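Values in this text are rule-based calculations from the coordinates and carry no lab data. Just so it is clear, the model here is predicted, and its values are computed rather than measured. Positions of Cβ are backbone-derived with ideal geometry, glycine not excepted, and every protein chain shown enters the neighbour counts.
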Amino acid sequence: MRQPTVASATRRPLCGRFFPDWIATTALRPVVLASHVKPRRSWPVSSFPRWLAVNALAAVLAATAAPAAPAAATVETTPVLVLYSNGRLLPANVAGDRGLHEAIRAPEDHPVALCYEFLDSPRFGGPDFERVFAEYLRGKYAARPPAVIVALSQESLNFVLRYRAELFPRVPVVHAGIDRRILASLAPLPADVIGVPVDYAISPTIELALRWQPRTRRLVVVTGAAEPDRVLESQLRTELATLRNRVEVEFLAALPMHDVLTRLANLGRGAVVFSPGMFQDGEGRVFTPAKSVEVMAASSSAPMYGFYTTFIGTGIVGGSMPSFEAMGREAGNIVSELLAGAEPGSLRLPEVVPQAVNVDWRQLRRWGIDERAIPADAIVHFKPPTLLEAHRNEVIAAVVVFVLQGALIILLLAERRRRRFAELAKEAQRAELAHASRLAIAGELTSSLAHEINQPLGAILSNADAAELILESGGDRRDELRSILADIRRDDVRASEVIRRLRTLLARHEVERRPFDLGEAVHDVGVILASEARRRLVALDIRPPTERLPLVGDHVQIQQVLINLVLNAMDAVVDLPEDQRHVVISVERGREVATVLVQDCGPGVASTHLPKLFEPFFTTKPAGMGLGLSIARTLVEAHGGAISADNAPGRGAVFRVELPLTRNTKSSRRSRHEHQAADSRG
Amino acid sequence: MSTRPLIHVVDDDESLRTALLRLLGAAGYEARGYASTGEFLLDPPPDRPGCVLLDLRLPGPSGLDLQQALARRGLPLPVVFLTGHADVASSVRAMKAGAVDFLTKPVEREVLFEAVERALERDARQREARGEAAVLRERFASLTPREREVFEGITAGKLNKQIAGELGMAERTVKLHRAQLMSKLGATSAAELGRLAERLRQLTPSEPAH
């Protein structure tokens, strides 16, 4: 933004601007403005350091470019004298100049050179000072008198009105920043002294304060001791007189700053403070109004309202204020019109520079003022930018990342869900297969199961028949009848127990995930198969572990696997002589797994068959489907275990089922039959 | 030799065994129980009419084995099999081996008693047959070798002259032997001798009859 100015330094004299001037200490070098130098927009406060840095750079370039100035001297510049009442760095002046600078437009071949002068009121003043200053201006601008004079604020207008005829006769004057009531008191002004008046009325600010702090009972107004302070004080007294019936108005006028601060610190509740600032306190200490307000606001125990936009940021809540920048802009517009050849009397000027509500967002928070009470058109300062405002790209990037991440998560969840469904389907299928396999097992056990059930049933029937005959034969044989009934009851329980076991095995049940004891499962396998072993004349040797082996899973499925293995083992020994048909089930306990071994003394598994043993449809039995072992493997693996087969060192095959134990093993020892053998030979 | 039959119940299931003994006892039979075939064979039954109620599926030597063992020992008691689950193979084997009946548990009282009665009847018949055969064998044993040769000749339907020629003796001597052996065997005609010979042939093998 600054580059056009910097670039122009090579072909025309450059007077920099406020800060470049100040830094290069070439305070009186005129600023040259060309139409192609775009009006600067106001600098946001947050970008101030950057602005300063760029200005500093520009200043250095300006200083080094100074020797090139004579080469550009051929360009005709139009001087405009800008006269300020106060010092250069008064914030109001800085803001005003910014507006002025922005608004001035000039033809390309006649750039405007803004030449600044400062009366430095109220530090300097009086007839002698003014005289010397007038002489200085006369000498300085003798060769090139200004085309327009801009008088900012009251003192400079007064000076211009007093000395214009003498110094720069008939040069039009544009005033700015002067209250309309003061202008009215100066009327009539010459026709070529024009400008847009300012309304410094404080009642809108007070109204604002009363609206924001509805419980306000007391308004404290602080004014200073310098001449302009006195003028303002009297204006305020007049204006505030109308408020007397609504609120108690108290003036702290021309007091030493120390006293002012003490009073402000002890205001108590229900008070608000208003101050136009002061140039001087009762002890003669000099301030800028903004500085004085800053000091006061720091001590005040009540919210403070101010007069000028330059007070924003010093600690005041805000106020309804005309903007100095707007004042400068209005003046700049008029200057541009005049330079373009307009007659001063013919210009249509705005009636007044409008006021705008300015608030310090931090102070709103500090005093607990409801943000919603701020008018929509108010200028809110120091509101921290929202995350989006402050880090737009980062926020967008983050949102994009979140969205992508979210999408990914949803995708993964969907995938997981799909997989879960697939797993459920697989589990259902596995349960179905397991059930089918159990049915097959039951089919194989039909003979022994029928035997097991019919045995007690036969006993019951015979006992009942015997009892009937005994009753028919007469005579008192109660004891015999009683023992018959006891036997009937016992056999009934026996039969129903077999049926219960069978039901457990055959029922199509939901796959369970429950803790159970492996030893118990092995023991039950022995009970279920005892009868079958007897039928096949096989010595079935069950050796359950002596301690509890906790597992989690479906105990029916694990039993099913073991039954399957034992039936296979019994098949393997069927061709041996009766006294050699042995099948042993034992359990080994490891650190994390328990292993059930099913060992037979049959011919063993051919080594070529070993790798295929657990594959579906692999069978060595003429009538076998080849599903039993593959289902067994599926079930064992579903329990996180493993199944394997090998040939025992001596003779026969060993099947191992490894199952993971539950972590927190409560090794509660349970004594069961240490060595339970269901031997068919009794 | 008591005439009252004794029924042997062999079943490893104590409960069922007790129940059967009770039932048979209540019906007026004398019955004795065994937990296994081994127990039964260790304690040989007295030579009394009777029968065996045998569980088909017994630990140790099976019911079928027992049946054969009894026959070998010349104690061919009729056997009634009881089974909890009748499969075709074992029932066929049992019936072939001469089982009287093959009952499925739980067994109806009437069915059981009928089977027992049938078995006892058969036992009685067999005993009678065994008695007759014993007399016959005794008589036959009293024959001299010559007389036996002549007997074989007669039962083969040969004439005295042919027998005399084959044995190298006089026809008169053959007639003498013939009169002697007919008297020893208690037969009055050649036809009767033929029937005796037939009975003997039937009794010679050690298997139980039929």
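Between helix A:48-65 and chain A, what is the angle of the helix's C-alpha long axis to the longest principal axis, kept within 0 to 90° and rounded to the nearest 10? Orientation of helix A:48-65: about 50 degrees from the principal axis. Extension gain for A:Arg180 to A:Ser607 (0.36 nm times residue separation, less C-alpha to C-alpha distance): 142.2 nm. Of the chymotrypsin sites (Phe, Trp or Tyr not before Pro) found in the stretch A:262-363, none is in coil by DSSP with at most 15 other Cβ atoms within 10 Å of its Cβ. In this Cβ point-charge picture (+1 for Lys and Arg, -1 for Asp and Glu), the stretch A:402-511 has a dipole of about 1140 debye about its Cα centre. Residue by residue along B:99-106, Cβ atoms of other protein chains within 10 Å of the local Cβ number 3 on average. A simple spin-label model places pseudo-atoms 7 Å from Cα toward Cβ; at B:Glu30 and A:Asn393 they are separated by 11.8 nm. Please identify every one of the trypsin sites (Lys or Arg not before Pro) in the stretch A:268-367 that sits in a loop by DSSP and has no more than 11 other beta carbons within 10 Å of its own beta carbon. In loop regions of the stretch A:268-367 (DSSP not H, G, I, E or B), the sparsely surrounded trypsin sites (Lys or Arg not before Pro) are A:Arg269, A:Arg348.
Across the options A:Ala390, A:Leu152, A:Leu210, the greatest Cα extent toward the positive end of the charge dipole of the protein assembly as shown (unit charges at beta carbon of Lys, Arg, Asp, Glu) belongs to A:Leu152. In summary, the aspartates and glutamates within cross-link reach of A:Lys383, defined as a Cα separation below 15 angstrom excluding same-chain residues under 8 places away, comprise A:Asp360, A:Asp370, A:Glu371. Modelled spin-label separation between A:Lys383 and A:Arg501, with each label point placed 7 Å from Cα along the Cα-to-Cβ direction: 8.3 nm. Contact order, relative form, for chain A: 9 percent (alpha carbon pairs under 8 Å, 6 or more residues apart, mean separation divided by residue count).
Distant-in-sequence amide contacts of B:Leu103, defined by a placed amide H-H separation under 5 Å and a gap of 5 or more residues or a different chain, comprise B:Phe81, B:Leu82, B:Thr83. Between amide H atoms placed 1.01 Å from N, distances below 5 Å from A:Arg581 occur with A:Ala539, all of them 5 or more places distant or on a separate chain. Considering only B:Leu143, B:Ser183, B:Gly168, the residue lying farthest towards the positive end of the dipole of the stretch B:107-210 is B:Gly168, judged by Cα position with unit charges set on Cβ. Comparing B:Leu56, B:Leu23, B:Leu159 in a Gaussian network model of chain B where C-alpha atoms under 10 Å apart are linked, the largest mean-square fluctuation is found at B:Leu159. Full extension of the chain segment joining B:Gln202 with B:Ala129 gains 25.2 nm, where the gain is 0.36 nm per residue of separation less the Cα-Cα distance.
Amide hydrogen proximity for A:Asn86: with H placed 1.01 Å from N in the peptide plane, the residues at 5 or more positions away or on another chain lying under 5 Å are A:Leu119, A:Asp120, A:Ser121.
Of all aspartates and glutamates in the structure, those lying under 12 Å Cα to Cα from A:Lys140, and not within fewer than 8 positions of it along the same chain, are A:Glu117. Of the complete DSSP H runs in chain B, those spanning 24 angstrom or more by Cα along the long axis with a mean Kyte-Doolittle score not below -1.0 are B:109-141. Got the relative contact order for chain B handy, in percent, Cα pairs under 8 Å and 6 or more residues apart? Over chain B, the number comes to 15 percent. For the residues of B:23-31, the average number of beta carbons from a partner chain within 10 Å of their own beta carbon is 4. Considering only A:Gln559, B:Phe102, B:Gly131, and ranking their Cα positions along the charge dipole of the protein assembly as shown that arises from unit charges at the beta-carbon of Lys, Arg, Asp and Glu, the one farthest toward the positive end is A:Gln559. What is the local net charge at A:Asp281, summed over the other residues whose Cβ is closer than 12 Å to its Cβ (Lys, Arg +1; Asp, Glu -1)? Net charge in that neighbourhood comes out at -1. What the Cβ-Cβ distance of A:Arg217 and A:Leu189 gives, at R0 = 60 Å and to the nearest 0.05, is a FRET efficiency of 0.90. A simple packing score, the average count of other Cβ atoms within 10 Å per residue, orders the peptides A:165-172, A:226-233 as A:226-233, A:165-172, with the highest score first.
Compute the helix-to-body angle for A:91-103: its Cα long axis versus the longest principal axis of chain A, expressed 0 to 90° and rounded to tens. Approximately 90 degrees, to the nearest ten.
Note on A:Glu207/A:Lys140: beta-carbon distance plugged into 1/(1 + (r/R0)^6) with R0 of 35 Å gives a FRET efficiency of 0.15. Annotation: extensible slack from A:Arg478 through A:Ala241 equals 72.7 nm (criterion: 0.36 nm per residue apart, minus Cα-Cα distance). Its DSSP H runs of at least 4 residues, each contributing -39,500 (n - 2.57), put the calculated 222 nm mean residue ellipticity of chain B at -18000 deg cm²/dmol, to the nearest 500. Counting only Cβ charges, +1 for Lys and Arg and -1 for Asp and Glu, the dipole size of the protein assembly as shown around its Cα centre is about 840 debye. Each part reduced to its alpha carbon centroid, the stretch A:424-462 and the stretch A:341-413 end up 79 Å apart.
Considering only B:Glu108, B:Glu192, B:Glu166, the mean-square fluctuation computed in a Gaussian network model of chain B, springs between alpha carbons under 10 angstrom, is largest for B:Glu166. Summary value for the stretch A:471-614: 21 percent relative contact order, contacts being C-alpha pairs under 8 angstrom separated by 6+ residues. The charge dipole of the stretch B:6-127, taken about the Cα centre with unit charges on the Cβ atoms of Lys, Arg (+1) and Asp, Glu (-1), comes to about 360 debye, rounded to the nearest 20. Of interest is the spacing of the C-alpha centroids, which for the stretch A:473-527 and the stretch B:1-35 amounts to 26 Å. Of B:Lys96, B:Lys105, B:Lys158, the sequence from fewest to most neighbouring Cβ atoms within 10 angstrom is B:Lys96, B:Lys158, B:Lys105. In this simple spin-label approximation, B:Asp43 and A:Val401 carry label points 7 Å from Cα along the Cα→Cβ vector, and these lie 9.3 nm apart. Under 18 Å Cα to Cα from B:Lys161, which lysines show up? Leave out anything in the same chain fewer than 8 places away. Straight-distance partners of B:Lys161: B:Lys175.
Sparsely packed loop sites in the stretch A:485-565 (the trypsin sites (Lys or Arg not before Pro) outside DSSP H, G, I, E and B with at most 11 other Cβ atoms within 10 Å) comprise A:Arg508, A:Arg513. Rounded to the nearest 10 degrees, the inclination of helix A:478-506 to the longest alpha-carbon principal axis of chain A is 50 degrees.
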